[in-house]
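Asker: Pasting in a structure now, in structure tokens, and then I'll have a few things to ask.
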Amino acid sequence: MIDPTARVAEGARIGEGVEIGPYCIVGPQVELGDAVRLMAHVHVAGVTQIGGGTVVYPFASLGTPPQSVHYRGGATRLVIGPRCELREGVTMNTGTEDGGGLTSVGERCLFMVGSHVAHDCHVGSGVTLANNVVLGGHVAVGDNAFLGGHAAVHQYVRIGEGVMMAGLSGAAGDIIPFGYALGQIAELVGLNVVGLRRRGATRADLHRLRRAYRALFLGEGVFADRIEAVARDFADDPLVGKIVAFVRAGGNRSLMLAREQRHGEEHGDDAA
């Protein structure tokens, strides 16, 4: 199912049931898994692997070189997992030599129109990037995160599992798992409660997470002492444990802190 106007280079590996639509270009080091669909005018270059069942819409550009002055022309890679949907104009770059050489995307992700995944990013599974979301280089996004339209994420920021980031927000610091971030320079305004409920969190789970959140971000004393207290007081809670592990792991960016106004916290508890 290769349209006669498409150009598939010798050496490209094409799985069973692949559809390559009009005017698509597929490079010689590309691998397309079974049942991948390139709708039309899709450009896939570099050392790029696309997992089975993924659908790519017109004018997407995948596997092009990193937009980095430090890239030295090496055969770095882009790996996209199965059953993803990449809408019109999505762009994803390969990694850089100094950044590990790999940009990766998990399975069942949705990238809406015009979203961008830069070099050396690692995006988990079940992630949604709404229209025109941009990830700077070396960003890590946890499973089931949702980034609203026109959100921007600074280089090296970590976005935790289950995060909701509001549209038009900019993240310059790491966002804890299950956090809800809002603002031009985003701050934590609570927890992504609706997202947690959709993934099976119980009322008791939510009460414990709220208590842990308030103790960690709105409590008294030194932050390092508060994280140890939360780790001790919620030692048997797996959801709180993910927040503690994320904070302890640290990163290249500082941790995004909470907006202390009560109305902000309540707003976060209603996040989708």
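The values are calculated or read from the model by the stated rules, or taken from the named source; none is laboratory data. Just so it is clear, the structure is predicted and the values come from calculations on it, not from any experiment. Please note: Cβ atoms are built from the backbone with ideal geometry, for glycine as well, and neighbour counts cover all protein chains shown.
Asker: Could you list, in sequence order, all residues of the range 139-168 that are at positive phi and either within 10 Å of the chain's Cα centre (by Cα) or buried (at least 24 other Cβ atoms within 10 Å of the Cβ) (or both)? Spell out how you get there, then give the answer.
Answerer: If we filter the range 139-168 for residues that are at positive phi, which is where we start, we get 144, 150, 156, 162, 168.
Scanning the range 139-168 gives Asn144, Gly162.
Asker: Give the range 83-140 a look and list any residue that's β-branched (Val, Ile, Thr) and in contact with a Pro (Cβ under 9 Å, 6 or more places away or on another chain), or say none. Let's see the steps before the verdict.
Answerer: Initially, the range 83-140 is screened for residues β-branched (Val, Ile, Thr), giving 90-91, 94, 96, 103, 105, 113, 117, 123, 127-128, 133-134, 139.
Answer for the range 83-140, where residues must be β-branched (Val, Ile, Thr) and in contact with a Pro (Cβ under 9 Å, 6 or more places away or on another chain): Thr94, Thr96, Thr103.
Asker: Residues in the range 194-209 that are closer than 17 Å to Gly241 by Cα and part of a helix (DSSP H, G or I): how many?
Answerer: 7
Asker: Does Gly95 qualify as being assigned by TED's automatic domain parsing to the domain that holds Arg37, part of a loop (DSSP other than H, G, I, E, B), of a type in the set (Gly, Ala, Ser) and at pLDDT 95 or above? Before you say what the answer is, go through the steps one by one.
Answerer: On the way: assigned by TED's automatic domain parsing to the domain that holds Arg37: yes; part of a loop (DSSP other than H, G, I, E, B): yes; of a type in the set (Gly, Ala, Ser): yes; at pLDDT 95 or above: yes.
Here the answer is yes, as Gly95 does meet what is asked.
Asker: While we're looking at this one, here's another question. Taking the condition over 19 Å from Glu31 (Cβ atoms), hydrophobic (A, V, I, L, M, F, W, C) and either at pLDDT 95 or above or not assigned by TED's automatic domain parsing to the domain that holds Asn252 (or both), does Val69 pass?
Answerer: Details: over 19 Å from Glu31 (Cβ atoms): yes; hydrophobic (A, V, I, L, M, F, W, C): yes; either at pLDDT 95 or above or not assigned by TED's automatic domain parsing to the domain that holds Asn252 (or both): yes.
Judged against the criteria, Val69 is a match.
Asker: Name the residues in the range 41-92 that are within 18 Å of Cys121 (Cβ to Cβ) and hydroxyl-bearing (Ser, Thr, Tyr), would you?
Answerer: Thr48, Thr54, Ser61, Thr64, Ser68, Tyr71, Thr76, Thr91
Asker: Now a separate question. Could you say whether any residue in the range 36-48 is closer than 21 Å to Ala145 by Cβ, of a type in the set (S, T, N, Q) and touching a residue at least 12 places away in the same chain (Cβ under 8 Å)?
Answerer: Initial filter on the range 36-48 (closer than 21 Å to Ala145 by Cβ): none.
No; the residues of the range 36-48 include none that is closer than 21 Å to Ala145 by Cβ, of a type in the set (S, T, N, Q) and touching a residue at least 12 places away in the same chain (Cβ under 8 Å).
Asker: Further question: Would you be able to tell me the number of residues in the range 142-160 that are assigned to a strand (DSSP E or B) and closer than 16 Å to Asn93 by Cα?
Answerer: We begin by selecting, within the range 142-160, every residue assigned to a strand (DSSP E or B); these are 146-147, 152-153, 158-159.
Filter again for closer than 16 Å to Asn93 by Cα, leaving 153.
Total meeting the criteria: 1.
Asker: If you check Met1 against the conditions, is it over 26 Å from Gly99 (Cα atoms) and not assigned by TED's automatic domain parsing to the domain that holds Asp120? Quick ask: steps written out before the conclusion?
Answerer: On the way: over 26 Å from Gly99 (Cα atoms): yes; not assigned by TED's automatic domain parsing to the domain that holds Asp120: yes.
When the stated conditions are applied, Met1 passes them.
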